[in-house]
Amino acid sequence: MNTEAGEIQGNLHTWGIEEVQDYKVPWGNYAVEDTDGLIPIVGTDVYDVYNGYTAKLIKEYPDQLPTRLDQIPLPVVEEIEADPKLASFTYQCQRCYVGIRGREKRGDYCSMDCSACHIPYGNE
């Protein structure tokens, strides 16, 4: 979640960025490598990486659970002018919602951290 790889992939997919089509997740907010692989530190036997739910997900969507991410490209203005879909690379929710307090104005209230995206909230 901290890398926003899923959010980045979803946004870039809607803009037609080829590298993320077919469930590929190549980028995050920063480069990271999972040196111990896809073996979860915690979880039940149901989520077992070898036999359970996670194993089935890895088999069905191998590119969606990468062990390595590159930092998202940061195109310059001239590149965006030449190919406007590259503007999609400037999307980053984290700078506004995940690491800081959300705006708390009527009609524009948002929480922070995980709840910024994953918990419904009201205008009050």
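The values are calculated or read from the model by the stated rules, or taken from the named source; none is laboratory data. Fair warning: this is a prediction, and the values are worked out from it, not measured in the lab. A quick note on method: Cβ atoms are made from the backbone with ideal geometry, for glycine too, and the neighbour counts reach across all protein chains shown.
I'd like to know if the stretch 32-45 contains one or more residues that are in a helix (DSSP H, G or I) and modelled with pLDDT under 85.
yes
Across the stretch 70-82, the number of residues qualifying as under 15 Å from L12 (Cα atoms) and not in a loop (DSSP other than H, G, I, E, B) comes to 3. Annotation note: Cβ proximity below 7 Å between a residue of the stretch 13-31 that is assigned to a loop (DSSP other than H, G, I, E, B) and a residue that is among the polar types (S, T, N, Q) and exposed (fewer than 13 other Cβ atoms within 10 Å of the Cβ) (sequence gap 6+ or interchain) occurs for Y30/Q71; A31/Q71.
So how many residues does the stretch 49-69 have that are in a strand (DSSP E or B) and exposed (fewer than 12 other Cβ atoms within 10 Å of the Cβ)?
1
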